[in-house]
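Structure first, commentary second.
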């Protein structure tokens with residue numbers, strides 16, 4: 001999906017924490033059609049499952065991703081009907097939870113915050129009492145090891161229940177001309193970090 005829809009300018013992700021976050025040490029999910037068929041069969045699902053996937057028609061790349069999801073799931077016996085809708089209709093579906101499957105995106109804060117994904121009024125109408133408690137505790141934790149422990153438990157619950165599937169993150173890519181000098185290092189949330197040190201020289205080779 002990342003290659004075909006975004007030309008590798010996005011980064012694959014298996015959890016809604018920014019890629020490279022020290023608070024996430026889980027494994028990346030992989031696509032395995034044979035294993036998926038086995039899991040469906042073990043849980044009593046037969047061929048012929050059909051779902052409707054709603055996507056905002058104004059997001060061309062997401063429409064392309066929806067079509068790729070359709071292709072992948074067809075290989076495990078699941079039929080996906082992609083429904084492309086206008087922005088207002090899409091927002092109504094999302095707000096009211098009126099969908100079987102929906103493809104959307106979220107802007108993330110600079111500091112790890114999972115409330116919009118798992119909090120009391122989250123995007124997916126998902127509720128887990130233990131996660132609610134962990135999120136409340138995290139607000140008062142400053143110890144790095146304890147934070148890792150609590151976020152790690154949230155990841156475990158997510159992997160067990162999978163209320164939604166995280167796919168990818170937008171990647172900040174910095175391309176600089178050869179005559180730009182200074183500290184060009186950047187971080188995941190700001191491609192222009194240290195821009196005040198940048199300067200341009202003439203006739204660089």
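Would you confirm whether or not the range 68-78 contains a residue that is surrounded by 18 or more Cβ atoms within 10 Å (Cβ to Cβ), in contact with a helix residue (DSSP H, G or I) (Cβ under 8 Å, 6 or more places away or on another chain) and within 25 Å of residue 170 (Cα to Cα)?
no
Quick one: in the range 138-151, which of the residues that are part of a helix (DSSP H, G or I) and touching a helix residue (DSSP H, G or I) at 6+ places or on another chain (Cβ under 6 Å) is farthest from residue 111 (Cα to Cα)?
150
Go through the range 100-139 and give me each residue that's free of Cβ contacts under 8 Å to residues at least 12 places away in the same chain, under 21 Å from residue 90 (Cα atoms) and surrounded by 13 or more Cβ atoms within 10 Å (Cβ to Cβ). Even if it seems obvious, please write down each step before you answer.
Here is the first cut: in the range 100-139, the residues free of Cβ contacts under 8 Å to residues at least 12 places away in the same chain are 107, 109, 111, 113, 116, 121-122, 127, 129, 133, 136, 139.
Next, only the ones that are under 21 Å from residue 90 (Cα atoms) stay: 107, 116, 121-122.
Matches in the range 100-139: 116, 122.
Might you let me know whether the range 56-67 holds any residue that is farther than 22 Å from residue 17 by Cα and over 20 Å from the mean Cα position of the chain (by Cα)?
no
Quick one: which residue in 183, 178 is modelled with pLDDT under 90, over 23 Å from the mean Cα position of the chain (by Cα), surrounded by 11 or more Cβ atoms within 10 Å (Cβ to Cβ) and not in a helix (DSSP H, G or I)?
Selected residue: 183, the only one of 183, 178 that is modelled with pLDDT under 90, over 23 Å from the mean Cα position of the chain (by Cα), surrounded by 11 or more Cβ atoms within 10 Å (Cβ to Cβ) and not in a helix (DSSP H, G or I).
Would you point out which residue out of 63, 55 is without any contact (Cβ under 8 Å) to a residue 60 or more places away in the chain, assigned to a strand (DSSP E or B), farther than 21 Å from residue 118 by Cβ and in the same structural domain as residue 151 (by TED's automatic domain parsing)?
55
Would a scan of the range 17-32 turn up a residue that is outside any loop (DSSP other than H, G, I, E, B) and exposed (fewer than 14 other Cβ atoms within 10 Å of the Cβ)? Steps first, please.
Pass one, the range 17-32, residues outside any loop (DSSP other than H, G, I, E, B): none.
No: zero hits.
Just the residues that are over 18 Å from residue 117 (Cβ atoms) and at pLDDT 80 or above, please, taken from the range 12-39.
Within the range 12-39, 32, 33, 34, 35, 36, 37, 38, 39 qualify.
Considering 8, 4, which residue is surrounded by fewer than 16 Cβ atoms within 10 Å (Cβ to Cβ), closer than 30 Å to residue 113 by Cα and touching a residue at least 12 places away in the same chain (Cβ under 8 Å)?
4
Considering only the range 96-134, state which residues are more than 19 Å from the chain's Cα centre (by Cα) and assigned to a helix (DSSP H, G or I).
Correct list: 96, 129, 130, 132, 133, 134.
The values are calculated or read from the model by the stated rules, or taken from the named source; none is laboratory data. Treat the numbers as computed from the prediction; the structure is a model and nothing was measured. A quick note on method: Cβ atoms are made from the backbone with ideal geometry, for glycine too, and the neighbour counts reach across all protein chains shown.
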